[in-house]
Amino acid sequence: MHALDELKAKYLTAVNEAASEAALEEIRLAALGKKGEISLKMRELGQMSPEERQTVGKALNVLKDEIDAALRAKKVALADAALDARLAQEWLDVTLPGRPRRQGTIHPVSQVMDEVTAIFADMGFAVAEGPQVESDWYNFDALNIAPEHPARQEHDTFFMARDAADPRPPHVLRTHTSPVQIRAMQAQGAPIRVIAPGRVYRMDMDQTHTPMFHQVEGMAIGRDISMANLKWVLEEFCKAFFEVDNVELRFRASHFPFTEPSAEVDIRCSWEGGQLKIGEGNDWMEILGSGMMHPKVLEAGGIDPNEWQGFAFGMGIDRLAMLKYGIPDLRAFFESDLRWLKHYGFAPLDLPTVFGGLSK
Amino acid sequence: MKFTLSWLKDHLDTEASLDEFLYALTDLGLEVEEVIDPGAKLAPFTLAKVLHAEKHPDADKLRVCNVLTDEGEKTIVCGAPNARAGITVVLCKPGDYVPGIDVTLGVGKIRGVESHGMMASERELELSDEHNGIIELPSGEVGERFVDWLAENRPEAVDPVIDIAITPNRPDALGVRGVARDLAARGLGKLKPLEVEPVPGGFDSPISVTIDPALKDKGCPLFAGRVIRGVKNGPSPEWLQKRLEAIGLRPISALVDITNYFTYDLNRPLHVFDAAKVAGGALRIEPAKGGEEFLALDGKTYTIREGQMVICDDTGVESLAGIMGGEISGATDETVDVFLESAYWDPITIAATGRALKINSDARYRFERGVDPEFTLPGLELATQMVLDLCGGEASNVVMDGAVPDTARAYRLDPARVISLVGMDIPEATQRATLEALGFTLTGDMAAPPSWRPDVLGEADLVEEVARIASLTKLQGKPMARETVGVPKAVLTPMQVREKTARRTIAALGYNECVTYSFIDAKSAALFGGGSEPTRVDNPISSEMTHLRPDLLAGLLQAAARNQARGFADLALFEVGPAFSGGEPGDQHIQAAGLLVGSAGPRDPWGSRRPVDVYDAKADAEAVLAALGAPARAQVGRDVAGWWHPGRSGRIALGPNALAVFGEVHPKVLREMGVKGPAVAFTIWVENLPFPKKKGATRPALQISDLQAVERDFAFVMDAQVEALKAVNAALGADKALIDSVSVFDQFSGAKAEEQMGAGKKSIALTVRLQPRDKTLTDAEIEAVSAKIIDKVTKATGGSLRG
């Protein structure tokens, strides 16, 4: 058995010292190949006595497995070493920039429209739309604003050119989203709950006014919808939109031709340190106009005011965006300054939802 | 509308504080815009007494005074000649801000003597221009607040001025009395009665009045007046001047001030003519013939148009009825006989004339909102009395034409409906009491509005009055359940969803969303096929905003030019919004437009920087179309509008229905709009995409084959202007069952290609993927398909297989 120990020592040493896969192969052939030393010894077994054969055979098989295992292990070790050596060469400067990818943004007006839509959708309001060039009937008369009424002059209306041969009064660029109330009522009848976001136009341009801005109109008509319901809906909206637990709204009597009673709505806030906080503090900020729909407006929409009643409100989307996100200047909304778009814009996949939250 | 607190109290018997008034006014819908409290700036000053005064050792004109104050005796150096022992003065202490000299006092040393404050003159406290000496008070105790002393002894000096915004429906609140009536209805005091004693005439008016029959129904229902002879005009009394000054009016003369006072006090505009200057002894209210020149009281000459309502005498127009009187016949200090006019003018007529002539006056403002017609004659009587009181003279009998128009009407008060609409439990008795306090007459369940409330035109107005007086601030929100229980349905229409998808897809492709104006200048509009007369805004706010935009690209290119001017060369901008094809309400469609300018990426180590090109725009357009569910096999044509590069743009369409255009913007357009190229863009007509016909969410079953697909490549030589899509479609048609897809994987064109393949030639390489369905393809079968492909493609393109 001494001879086998020697063999073992010899081959394991050789395996251990082998520097390449080729050298390993040579060792394998020398030991375990057809004419290898161990194979030859296996052949000699036939000439042995059964007892001897059993002991030596077993020992040879053990030796064979041992050498085979050593060969395999060494082979893996050699491959690992080679890979390590290669990887050591494969160094790259990972501080260099990645391949460029443009980062798109969503405009705050679009984002806030989506936020408003998400909130009101959850309260059962659909989204209605209407044309931006409107007949004066939809923009004024149907909303109980008579042609000579001073309120009509206060709208700073843009008029479209009218061919002298065309006897109709000139069309207007809608001065508010309220004409959509009429169109929605005509299309759908009562009961109805809709909001109508969109562009509106007034002839006004200064520090805080632009000739185009965005409003969202809201309207709910039912059998017994009241101004108290209106207040609740607006409270819920403000809580959800400004993402605060509590808001306090103050209804203040006012006048709009298309609602009666009418109220301007203020929200309790604080401007401490120039930072707006909704729901606390001692200031009141006007955020929207609202009221119960005037019977004449319901009639213009084809709805019987003796059967149905409802509320309507309108608020500025750009202003909501400015308040919520601290955007200082309305005019910049429409200037498309890349720096502004990137700074105040939103990530494309940040779709506001009620389940996932409105803003990050 | 401005008034002072003491003026309000002329009409209101009240104990309420200023703060209570301010809160109630805003809550009632008479929004407080500003309060000027003259007492506020005087708050720190107290009364003091000069105990002892002697000449300053180093100055002849200064005195060193020993003054008793609420903080003990103080030394004050004073330059006033009247500073002497025994007088009661107004003390400003170190640390106080003195408004008239705009200084915050400190302890000063004047010629070596320390002075602990100052004794103020009227001018230094902005009470008057008086500055000959310090204030000497005839009464008052040391330490008493000066404002308290003023409130007791000179209340007008600390009378707060309140400015409120009046909504167009409330002409009655354009008079102080109307404001008082609202406050009384709210419970902040009692409205004092207004006694009207007719002034008996002593003679017949030498001036007669007639209303043209054409104007009696609409225009001037009632015109009344009388002559007051022997008046002495001149400055009005101080209390009247102070009142007018407090609300920003300039006192002129007693007669004019009286008319202004009635305008603001009782919302009863009046006019005074100098009777001596009324030619022919008659005033006629008539429609103008047109072309008359009229010198108005504002010093401007107006050319009157035909039909506008005027008051004439024998020499012509003397007054723009209800809007502004004339300079010639106006009252002056020399006026001896005056004709006092009180008329009721039709609001619409006044509004139309005022607007046409662009005259804004207090009279127009009130008449066009509607003054109280029934108060025309009582107002005349009260004003007559005031003229007699202030200017003396003798009044004639009243002359008048027309009659008080009948405004009587009544609406049903339904207390239950009021509660239902407002959502507030207001007892019926309270509702009725509210309306009565506002002047309504209740008979059974019918409420007749008072003559001063032309805005009340229906039951809903009664609701508003009740709710407003009850206070909407007290309204408590009540939950409003959704109309259906359970999980709400989607509320957006498929088109609304599509618009949102387009927006977020384009942003995800790396574009920054812009919101640009819907109007644009005429020249830019014309470049994009717009600028037609129907799309012109008749009264644009600037020459840059004269037309509705025909296409979104115009605004995006302007935005690009502005950004380039700021040093940003690489831009990816987009907008989703309306474009306008005409000037009718329906002539509006939604576009989604993207614009790439400059390079596709920054300079970087990977050579990413390359100019943007048509294929960038095409890829993005196709990505958006895919996101919107457009069918994959739309046709690409070259029929594009003139603002695209004719050779480098394409139109993606389904039959005649254009879905999108992509390409380079025409270089001429870029030049006109001041944009440095390259610039490529796409426009998608979001509404033109067909909606899928099938309903339901189920997808067709997935068909996959276990058999290995085979790919074969082919290269064809063809004329350079043959479109690759022709080759692709031909290859696809070779065996529709077997060919799964065909794509172009290489194009070899240009000078080198022509050198190899001949002038005007290029090579297009296709890879065709064959997907066997039921058995593995044999070599022979593959060869057969390949031959068919080659045959089809060469026939379709006129080319040949590249050797």
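The values are calculated or read from the model by the stated rules, or taken from the named source; none is laboratory data. Because the structure is a prediction, the values reported are computed rather than measured. Glycine gets a Cβ as well: all are built from the backbone with ideal geometry, and neighbour counts include every protein chain shown. Just the protein is used for accessible areas: all its heavy atoms, side chains included, with ligands, DNA and RNA removed. Shrake-Rupley method; radii C 1.70, N 1.55, O 1.52, S 1.80 Å.
Right, A:Arg183: touching a His at 6+ places or on another chain (Cβ under 9 Å), basic (Lys, Arg) and over 25 Å from A:Ala321 (Cα atoms) or not?
Here the answer is no, as A:Arg183 does not meet what is asked.
Of a type outside the set (Phe, Trp, Tyr), closer than 30 Å to A:Asp136 by Cα and open to solvent by less than 60 Å² (accessible area, probe 1.4 Å): is that true of B:Ile590 in this structure? Give the derivation first.
Details: of a type outside the set (Phe, Trp, Tyr): yes; closer than 30 Å to A:Asp136 by Cα: yes; open to solvent by less than 60 Å² (accessible area, probe 1.4 Å): yes.
Criteria met by B:Ile590.
Which is of a type in the set (A, V, I, L, M, F, W, C) and part of a loop (DSSP other than H, G, I, E, B), of B:Val199, B:Val227, B:Val209? Quick ask: steps written out before the conclusion?
Working: B:Val227 fails: part of a loop (DSSP other than H, G, I, E, B); B:Val209 fails: part of a loop (DSSP other than H, G, I, E, B).
Result of the check over B:Val199, B:Val227, B:Val209: B:Val199.
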| request: Identify, by number, the condition in (1) open to solvent by less than 20 Å² (accessible area, probe 1.4 Å); (2) among the β-branched types (Val, Ile, Thr); (3) modelled with pLDDT under 95 that B:Val597 doesn't meet. | output: (3)
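So which of A:Ala81, A:Ala70, A:Ala118, A:Ala23 ends up being open to solvent by less than 60 Å² (accessible area, probe 1.4 Å), assigned to a helix (DSSP H, G or I) and touching a strand residue (DSSP E or B) at 6+ places or on another chain (Cβ under 6 Å)?
A:Ala118 is the lone residue from the list that is open to solvent by less than 60 Å² (accessible area, probe 1.4 Å), assigned to a helix (DSSP H, G or I) and touching a strand residue (DSSP E or B) at 6+ places or on another chain (Cβ under 6 Å).
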| Scope the stretch B:434-468; condition under 16 Å from B:Leu28 (Cα atoms) and part of a helix (DSSP H, G or I); matching residues | B:Thr434, B:Leu435, B:Ala437, B:Asp461, B:Leu462, B:Val463, B:Glu464, B:Glu465, B:Val466, B:Ala467, B:Arg468
| said: Take the conditions in a helix (DSSP H, G or I), touching a residue at least 40 places away in the same chain (Cβ under 8 Å) and more than 10 Å from chain A (Cβ to nearest Cβ) and apply them to B:Ala554. Does it pass? | reply: yes
| said: Can you pull out every residue in the stretch B:1-60 that is open to solvent by 30 Å² or more (accessible area, probe 1.4 Å), assigned to a strand (DSSP E or B) and either in contact with an Asp or Glu (Cβ under 6 Å, 6 or more places away or on another chain) or free of Cβ contacts under 8 Å to residues at least 12 places away in the same chain (or both)? | reply: B:Lys2, B:Glu33, B:Glu34, B:Glu54, B:Lys55, B:Asp60
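One line per residue, one yes/no per condition, for (1) open to solvent by 60 Å² or more (accessible area, probe 1.4 Å); (2) outside any strand (DSSP E or B); (3) of a type in the set (D, E, K, R):
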{"residue": "B:Val77", "(1), (2), (3)": "no, no, no"}
{"residue": "B:Asn82", "(1), (2), (3)": "no, yes, no"}
{"residue": "B:Gly86", "(1), (2), (3)": "no, yes, no"}
{"residue": "B:Glu114", "(1), (2), (3)": "yes, no, yes"}
{"residue": "B:Ser128", "(1), (2), (3)": "no, yes, no"}
{"residue": "B:Asn132", "(1), (2), (3)": "yes, yes, no"}
{"residue": "B:Gly140", "(1), (2), (3)": "no, yes, no"}
{"residue": "B:Val147", "(1), (2), (3)": "no, yes, no"}
| Name the residues in the stretch B:289-306 that are surrounded by 16 or more Cβ atoms within 10 Å (Cβ to Cβ) and under 35 Å from the mean Cα position of the chain (by Cα), would you? | B:Phe294, B:Ala296, B:Leu297, B:Tyr302, B:Ile304
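Here's the yes/no breakdown for (1) within 14 Å of chain A (Cβ to nearest Cβ); (2) open to solvent by 50 Å² or more (accessible area, probe 1.4 Å); (3) under 30 Å from A:Ser135 (Cβ atoms):
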| residue | (1), (2), (3) |
| --- | --- |
| B:Gly607 | yes, yes, no |
| B:Pro646 | no, yes, no |
| B:His666 | no, no, no |
| B:Val669 | no, no, no |
| B:Gly677 | no, no, no |
| B:Ala681 | no, no, no |
| B:Pro690 | no, yes, no |
| remark: Of all strands (runs of 3 or more DSSP E) fully inside the stretch B:565-647, the set with 3 or more residues that are in contact with a helix residue (DSSP H, G or I) (Cβ under 7 Å, 6 or more places away or on another chain), without any contact (Cβ under 8 Å) to a residue 40 or more places away in the chain and not hydroxyl-bearing (Ser, Thr, Tyr) is none
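Condition check: closer than 28 Å to B:Ile590 by Cα, buried (at least 22 other Cβ atoms within 10 Å of the Cβ) and at pLDDT 95 or above. Does A:Val233 satisfy that? Walk me through how you get there before you give the answer.
Values: closer than 28 Å to B:Ile590 by Cα: no; buried (at least 22 other Cβ atoms within 10 Å of the Cβ): yes; at pLDDT 95 or above: yes.
Criteria not met by A:Val233.
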| field | Test result for B:Thr493, surrounded by fewer than 19 Cβ atoms within 10 Å (Cβ to Cβ), within 18 Å of A:Ala253 (Cβ to Cβ), at pLDDT below 95 and not aliphatic (A, V, I, L, M) | value | no
| field | Lone unmet requirement of (1) within 20 Å of B:Pro38 (Cβ to Cβ); (2) open to solvent by 30 Å² or more (accessible area, probe 1.4 Å); (3) not β-branched (Val, Ile, Thr) for B:Pro99 | value | (2)
| Based on what the data block shows, is B:Ser319 within 29 Å of B:Arg453 (Cα to Cα), open to solvent by less than 10 Å² (accessible area, probe 1.4 Å) and away from chain A (no Cβ under 14 Å)? | yes
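Residue-wise test of (1) touching a Lys or Arg at 6+ places or on another chain (Cβ under 6 Å); (2) at pLDDT below 95; (3) over 28 Å from A:His149 (Cα atoms).
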{"residue": "B:Leu390", "(1), (2), (3)": "no, no, yes"}
{"residue": "B:Ala410", "(1), (2), (3)": "no, no, no"}
{"residue": "B:Leu413", "(1), (2), (3)": "no, no, no"}
{"residue": "B:Val422", "(1), (2), (3)": "no, no, no"}
{"residue": "B:Ala433", "(1), (2), (3)": "no, no, yes"}
{"residue": "B:Thr441", "(1), (2), (3)": "no, no, no"}
{"residue": "B:Pro449", "(1), (2), (3)": "no, no, no"}
{"residue": "B:Trp452", "(1), (2), (3)": "no, no, no"}
{"residue": "B:Leu457", "(1), (2), (3)": "no, yes, no"}
| note | Among (1) closer than 24 Å to B:Met424 by Cβ; (2) facing another protein chain (nearest Cβ under 9 Å), A:Glu307 falls short only on (2)
